[in-house]
Amino acid sequence: MQTHVVIMAGGIGSRFWPMSTPEYPKQFIDVMGCGKSLIQLTVERFLPLCPIENFWVVTSEKYTDIVKAQLPELTESHILAEPEARNTAPCIAYACWKIKKEFPEANIVVTPSDALVINTAEFARCIAAALEKTAESAAIVTLGIKPSRPETGYGYIAAKGEADSRGIYEVEAFKEKPDKETALKYVAAGNFFWNAGIFVWNVETITRAIRMYAPQIAGVMDELEPALFTDKEQEELKRLFPTCEKISIDYAVMEKAKEIDVLPAEFGWSDLGSWGSLHTLLPQDENGNAYVGNNVKLFGCRNCVVHVADEQKVVLEGLDGYIVAEKNGRLLVCRLTEEQRIKEFSQA
């Protein structure tokens, strides 16, 4: 049974402005200052599990040239261009209908393009265990990250009962992003895990589940199906895809489906959703400052995150708890405590 990897790369990363812009969002940026973009790092950590010819990237049609430039080894027909964003359920359905047409027994991993994983060997072990399970059953396996803190920015997955021989549990419930008090209860309970948005399933399992729980989307995909891998595909996609219900895979399928499992994992994961999360992941100096840039000088600064990769020299003095970020002539200086307003600031 062949393994296929579907990478979702259509987001605009608005909370990372000005580094990330709608024209060139964060999944295509070297956020960590390591010489590789987030999508390149995503491909890299899946290569031990799957040959590059079995990778698929679903993205906005305005980003297809960036994907080609950053992943030149990717099969061009495996870059799936959405004519407009309709959230993750239609995006996943499109990829899975295409894969099923060519590979009717495929085992599939679906992953975001913009997360970070520190321990890639442990990550590969967990994904392999999940793939073994979905190869021999109709289970949908999600990856649950063992929480290191009462995080309010992530959804949670509650596990129930005993684990199987691979360490996989049945899912009791999916929980929305909690308030601080609820998050504290989740962490204390010990059976709640962060929802990393990584899903593993057999193509037959997921297409059947979408038919059952999201029939409107399945109907659109069935109408599109005769055009897949033909000259008519883009034209039909432009006509049909925008008619899909705009809904996440969590709401459309996960919260309704019966056989959903979770594999608790610890491999140093972050969804890199904000400047605050980047600040915690980058190396910090003795004053809690983290920066990406060739020549950054900090004097009397504490707890700052600085991203100035394009600048020759940056000198900062006396800042405490600030974001300083520059990209393409756009400069942001903002308190970390106000980072939830960055989307609003960027449109000012």
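Cα-Cα pairs above 11 Å in the range 42-90: how many percent? Mind dumping the intermediate values first?
Values: 813 of 1176 pairs.
When every Cα pair of the range 42-90 is considered, 69 percent fall beyond 11 Å.
Quick one: what are the phi-derived ³J(HN,Hα) couplings along the range 237-252, Karplus 6.51/-1.76/1.60 with θ = phi - 60°, whole Hz, x for glycine and proline?
With the stated coefficients, the range 237-252 comes to 4, 4, 6, 9, 4, x, 7, 5, 4, 8, 7, 7, 5, 4, 5, 5 Hz.
Given H placed on each backbone N at 1.01 Å, which residues far from ILE198 in sequence or on other chains put an amide H within less than 5 Å of it?
Result for ILE198 returns LEU143.
What are the ³J(HN,Hα) couplings of the range 165-171, residue after residue, when phi is run through the Karplus curve with 6.51, -1.76, 1.60 and θ = phi - 60°? Round to Hz, x for glycine and proline.
These are the phi-based 3J(HN,Hα) values: 5, 8, x, 9, 10, 6, 8 Hz.
With the cut-off at 29 Å, tell me which of the pairs LYS100/LYS258; LYS36/LYS258; LYS68/LYS146; LYS36/LYS62 have Cα atoms farther apart than that.
Details: LYS100/LYS258 22 Å; LYS36/LYS258 39 Å; LYS68/LYS146 35 Å; LYS36/LYS62 21 Å.
Result: LYS36/LYS258; LYS68/LYS146 exceed 29 Å.
Given the peptides 109-115, 89-95, 149-155, arrange them by the average over their residues of other C-beta atoms within 10 Å, most packed first.
89-95, 109-115, 149-155
Over the range 233-298, with every protein chain in place, what whole percent of the accessible area is carbon and sulfur at 1.4 Å, could you tell me?
Here carbon and sulfur together make up 46 percent of the probe-accessible area.
Accessible area, 1.4 Å probe, largest first: how do LYS185, LYS133 sort? Each step should come with its number before you reach the end.
Numbers: LYS185 130, LYS133 40 Å².
Final ranking, largest accessible area leading: LYS185, LYS133.
Answer with one residue from ALA89, GLN234, LEU224: the one whose Cα lies farthest towards the positive end of the charge dipole of the chain, charges on Cβ with Lys, Arg +1 and Asp, Glu -1.
Positive-end residue among those listed: ALA89.
Can you work out the PRE-style zone for LYS177? Point 7 Å along Cα to Cβ, and I want the residues of the range 72-98 with backbone N under 14 Å.
No residue passes the distance filter.
Got a sec? Charge dipole of the range 168-239, +1 on Cβ for Lys and Arg, -1 for Asp and Glu; which of TYR186, TYR169, VAL203 is way out at the positive end?
The residue sitting most towards the positive pole is TYR186.
Hey, for a label at MET212 modelled as a point 7 Å past Cα toward Cβ, could you say which residues of the range 114-145 have their backbone N under 17 Å away?
134-142
Within the set LYS101/LYS232; LYS175/LYS256; LYS98/LYS246; LYS101/LYS238, which residue pairs have Cα atoms separated by over 18 Å?
From the list (LYS101/LYS232; LYS175/LYS256; LYS98/LYS246; LYS101/LYS238), the Cα-Cα distance tops 18 Å for LYS98/LYS246; LYS101/LYS238.
For the charge dipole of the chain, defined by +1 on Lys and Arg C-beta atoms and -1 on Asp and Glu C-beta atoms about the Cα centroid, which residue among CYS304, TRP17, ASN54 has the Cα displaced farthest towards the positive pole?
It is CYS304, whose Cα lies furthest towards the positive end.
Search the structure for amide H atoms under 5 Å from the amide H of TYR322, placed 1.01 Å from N in the peptide plane, and list their residues when 5 or more places away or on another chain.
CYS304, VAL305, LEU336
Using the Cα atoms of the range 130-176, I'd like the radius of gyration and the largest Cα-Cα distance, Dmax, both in angstrom.
12.1, 35
What number, in percent, do you get for the relative contact order of the range 1-77 if the mean sequence gap of Cα pairs under 8 Å and at least 6 apart is divided by its residue count?
Computed value for the range 1-77: 35 percent relative contact order.
What is the Cα centroid distance between the range 243-287 and the range 94-134, reported in whole angstrom?
15 Å
About its Cα centre, what dipole magnitude does the chain give when the only charges are +1 on Lys and Arg Cβ and -1 on Asp and Glu Cβ, stated in debye to the nearest 20?
560 debye
Running Debye on the chain with equal point scatterers at the Cα sites and no solvent, what base-10 log of I(q)/I(0) appears at q = 0.11, 0.12, 0.16 Å⁻¹?
-0.76, -0.90, -1.47
Below 8 Å between Cα atoms, with a sequence gap of 6+, how large is the relative contact order for the chain in percent?
20 percent
Residue by residue, what Karplus-based ³J(HN,Hα) values in Hz, rounded to whole numbers, does the range 277-287 have, using 6.51, -1.76 and 1.60 with θ = phi - 60° and x for Gly and Pro?
In residue order, the calculated couplings are 5, 5, 4, 6, 9, 6, x, 10, 7, 5, 9 Hz.
What do you get for the angle between helix 203-213 and the principal long axis of the chain? Use alpha-carbon atoms, 0 to 90 degrees, nearest ten.
For 203-213 against the chain, the angle is about 90 degrees.
How much accessible area per residue does the chain have, in Å², with a 1.4 Å probe?
Working: 15440 Å² over 348 residues.
I get 44 Å² per residue for this part.
For the range 1-104, what does the alpha-carbon gyration tensor say about shape, rounded, prolate or oblate, given a ≥ b ≥ c as the root eigenvalues, a/c under 1.5 as rounded, and a/b over b/c as prolate? Please list the in-between numbers first.
Numbers: a/c = 2.11, a/b = 1.34, b/c = 1.57.
Since a/c reaches 1.5 but b/c is at least a/b, the shape of the range 1-104 is classed as oblate.
The values are calculated or read from the model by the stated rules, or taken from the named source; none is laboratory data. As the structure is a prediction and not an experimental result, all values here were calculated from the model. Note that each Cβ is placed from the backbone with ideal geometry, even for glycine, and that neighbours are counted across all protein chains shown. Only protein heavy atoms, including side chains, enter the accessible area calculation; ligands, DNA and RNA are left aside. Shrake-Rupley method; radii C 1.70, N 1.55, O 1.52, S 1.80 Å.
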